[in-house]
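Chemist: First, the structure itself, so that you have it in front of you.
Since every read-out is calculated from the coordinates, none of them should be taken as a lab result. Keep in mind it's a predicted model, so treat the numbers as computed, not measured.
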Amino acid sequence: MLFGLWVLTGVLICIIFLFWLKIRLLQKAAVEIEKSLSLILSTDTNTLLSISSRDIYMRRLADSLNSQLRTLRRERLHFQQGNRAVRETIINVSHDLRTPLTAICGYLDLLKQENLPKEAFRYLSIIESRTEALKQLTEEFFR
């Protein structure tokens with residue numbers, strides 16, 4: 001009877017030890033996932049999570065997180081491409097607006113050198129002030 005009690009106690013201690021070991025291994029895998037995920041998110045890398053645990057649930061968690069990381073990368077790439085396209089469009093529009101404005105200013109300077117009636121000079125100064133205002137608005141818009 002006493003021997004059976006010792007055996008039962010030994011078995012219970014072994015079971016408790018195995019559960020404790022399993023919990024420690026799961027904790028280790030969780031810490032690995034946490035550190036790897038922090039590293040992956042803080043740097044722009046294409047690596048995925050890898051864990052040393054053989055626990056099926058922790059592997060499923062890592063696979064799920066890897067799937068989310070792939071989705072995040074695709075969305076980030078899509079955003080970067082869109083952002084690049086917007087910047088290029090702004091540069092092109094900026095050039096398309098600034099070039100004619102610069103030409104207009106040049107022609108106005110040439111007209112000011114001509115012998116024109118006073119009324120024409122008045123109109124010329126109005127055009128010049130409006131053109132300058134348009135240049136300033138354009139510069140402010142693209143800043």
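Chemist: How are the Cα pair distances of the stretch 68-112 distributed, in percent, across 10 Å bins from 0?
Modeler: All Cα pairs, binned at 10 Å, distribute as 24, 24, 19, 16, 11, 6, 1 percent.
Chemist: Still on this structure, please answer the following. By how many nm would the segment from Ile126 to Thr45 grow when fully extended, if each residue of separation counts as 0.36 nm and the alpha-carbon distance is taken off?
Modeler: 23.4 nm
Chemist: Quick one: helix 56-112 against the long Cα principal axis of the chain, what's the angle to the nearest 10°, folded into 0 to 90?
Modeler: 10 degrees
Chemist: On a 0 to 90 degree scale, rounded to 10, what angle separates helix 2-42 from the longest Cα axis of the chain?
Modeler: Between helix and principal axis, roughly 10 degrees.
Chemist: In Å, what is the Rg of the alpha-carbon atoms in the stretch 20-143, and how long is Dmax?
Modeler: In Å, with Rg to one decimal and Dmax whole: 30.9, 101.
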